[in-house]
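Okay, so here's the structure we're looking at.
Since every read-out is calculated from the coordinates, none of them should be taken as a lab result. Quantities reported herein were computed from a predicted structural model and do not represent experimental measurements. Here the Cβ is made from the backbone with ideal geometry for all residues, glycine too, and neighbour counts use every protein chain on show.
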Amino acid sequence: MTTSSRVASDNPIVYIVDDDSSVRAALEDLLASVELRSLTFGSAKEFLAHTMEDVPGCLVLDVRMPGLSGMDFHRQMTELGIGLPVVFITGHGDIAMGVEAMKNGAIEFLTKPFRDQSLLDAIHSGIEKDSERRKSAARTSELQARWASLTAGEQDVTRLVVQGLLNKQIASRLNISEITVKVRRGHAMRKMQASSLAELVRITEKLGM
């Protein structure tokens, strides 16, 4: 594994997995020329042994490699919990292979030799996609933490509130007083940081409720 670190560590990073050392070096130089950090690996196994940085990134992946091929590794990424967008590069690709890669979510499938700008465009697209994915995941995690801060009773009331039930109906459904419903509802609104019922509904929808 080698690394290029011309910019700050909190910037995006591009992971390059290719068994050809000359290709790895050329791609590393290309990315450094546009001030993109990179880490290079000679195999998928070597990449998996590395702890990924907690920053947006993109994976440039060779299709054919000894051991676990790029295509096989791409299929396993979801199971392994790796959400990095993938840009395939290959000197042995065909249309069917490219179609399969794109169907499986690859950003691009480039056949060598390819234009440097085509690769850079694909990488930037991948980094942007990963950045948005990470923001969405962080937002969902924050909402889940808010929901977990509610008591069981507050959660019960909230579920019925967002269904459109009135306080009196909720009290009857849960066999509690209407005052208790109002108190739990108020606590839930505050903990969920919802300024209105409409906002509370939107939050619970994002949580899949």
One finds, for Ala152 and Glu46 with R0 = 45 angstrom and r their Cβ-Cβ distance, a FRET efficiency to the nearest 0.05 of 0.45
Determine the calculated [θ] at 222 nm for the chain from helices alone, applying -39500 (n - 2.57) to every DSSP H run no shorter than 4 residues and normalising by the residue count; nearest 500 deg cm²/dmol. -16000 deg cm²/dmol
DSSP-assigned coil residues among trypsin sites (Lys or Arg not before Pro) in segment 24-122, each with at most 13 further Cβ atoms within 10 Å: Arg115
Counting pairs on different chains as well as pairs 8 or more places apart, how many Lys pairs in the chain have Cα atoms under 26 Å apart? 15
Relative contact order, percent, the chain [alpha-carbon distance under 8 Å, six or more residues apart]: 15
May I ask for the Rg/Rh ratio of the chain, computed from Cα atoms with Rh as the Kirkwood radius, given to two decimals? 1.20
Highest-fluctuation residue, Thr51, Thr40, Thr90 considered, GNM on the chain with Cα pairs under 10 Å: Thr51
Binning at 5 Å from 0, report for segment 149-206 what percent of all alpha-carbon pair distances ends up in each bin. 4, 22, 35, 25, 11, 2
Assigned charges on the beta-carbon of Lys, Arg, Asp, Glu; segment 91-149 dipole about Cα centre (debye): 300
Considering only Ala137, Ser196, Leu165, whose Cα is most displaced toward the positive end of the charge dipole of segment 132-209, charges sitting on Cβ of Lys, Arg (+1) and Asp, Glu (-1)? Ala137
Top positive-direction residue, dipole computed over segment 1-117 with Cβ charges, set Met52, Val86, Val99: Val99
Here the alpha-carbon Rg of segment 62-124 over 2.2 N^0.38 Å rounds to 1.07
Taking the Cα centre of the chain as the origin, how large is its charge dipole in debye, to the nearest 20, when only Lys and Arg (+1) and Asp and Glu (-1) carry charge on their Cβ atoms? 1540
